[in-house]
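Here is the structure we will look at.
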Amino acid sequence: MVVNASQDDPEKARRFREAALPYLDDAYTLARYLLRDAADAEDAVQECYLRAYKHFDSYRGPAMKPWLFAILRNVCRAEYARRKTAPTAVEELPEGGDQTPMWNEAPETPEKQMLRRFDGDTVRKLVAALAEPFRETFVLREIQNLSYREIADVAAVPVGTV
């Protein structure tokens, strides 16, 4: 999608950046869990942000994050439907235990590192093994910290269904 520079509104772009960019990492995390592929997740987030920018003038909600997640969810569902016939192995999930904290802590022992990595791998495998609607809800609630109301808005279901 190419945006015509003559139609671009610098004020709209600034407002969109300020409102939407803080949630870029969260959107990628959700897409990564939903699509189970890093490249597809990057593409889905890019498509989500392009659609969100295109329709930013019509955005009237109080919270940007659920609105972005609803768009991302639709993009991911379209991608998931497109490649539904190609199964993805659980072992393809990235390891998150290699991240260095920004603060200075005492170095971990090799045993603690191994246990932390094992626990992280186990959690990722268990989340990946969940059926798609349960995985999506779990990630939105436990990883993205959305409220049940926000999850219901993202999933377009009654809050009691969440």
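The values are calculated or read from the model by the stated rules, or taken from the named source; none is laboratory data. These numbers were taken from a predicted model, which means no experiment stands behind them. FYI the Cβ positions are ideal-geometry reconstructions off the backbone, even for glycines, and counts take in every protein chain you see. Heads up: the accessible areas ignore ligands, DNA and RNA and are worked out on the full protein's heavy atoms, side chains in. Shrake-Rupley method; radii C 1.70, N 1.55, O 1.52, S 1.80 Å.
Only a single criterion out of (1) open to solvent by less than 60 Å² (accessible area, probe 1.4 Å); (2) modelled with pLDDT under 80 is not satisfied by residue 107, namely (1).
Residues in the stretch 23-43 that are in contact (Cβ under 8 Å) with a residue 40 or more places away in the chain and more than 21 Å from residue 129 (Cβ to Cβ) were compared, and the one that is nearest to the chain's Cα centre (by Cα) is 27.
Please name all residue pairs, on different chains or six or more residues apart, with Cβ atoms under 6 Å, provided the first residue is in the stretch 61-85 and is open to solvent by 40 Å² or more (accessible area, probe 1.4 Å) and the second residue is modelled with pLDDT under 85. What qualifies is 67/61. Do we find that residue 52 is aliphatic (A, V, I, L, M) and in contact (Cβ under 8 Å) with a residue 12 or more places away in the chain in this structure? Taking the combined requirement at face value, the residue satisfies it.
Does residue 46 qualify as being part of a helix (DSSP H, G or I), within 14 Å of the chain's Cα centre (by Cα) and either at pLDDT below 85 or within 17 Å of residue 34 (Cβ to Cβ) (or both)? Write out each step before concluding.
Values: part of a helix (DSSP H, G or I): yes; within 14 Å of the chain's Cα centre (by Cα): yes; either at pLDDT below 85 or within 17 Å of residue 34 (Cβ to Cβ) (or both): yes.
Yes; evaluated as a whole, the condition is true for this residue.
Given the criterion modelled with pLDDT under 75, in a helix (DSSP H, G or I), among the acidic types (Asp, Glu) and open to solvent by 100 Å² or more (accessible area, probe 1.4 Å), identify the matching residue among 91, 142.
Numbers: 142 fails: modelled with pLDDT under 75.
After applying the criteria, what remains is 91.
Under the condition of being in a helix (DSSP H, G or I) and either in contact with a Phe, Trp or Tyr (Cβ under 7 Å, 6 or more places away or on another chain) or buried (at least 18 other Cβ atoms within 10 Å of the Cβ) (or both), the residues counted in the stretch 145-162 number 7.
Given the structure, is residue 51 under 18 Å from the mean Cα position of the chain (by Cα), in a helix (DSSP H, G or I) and modelled with pLDDT of 90 or more? In short, yes.
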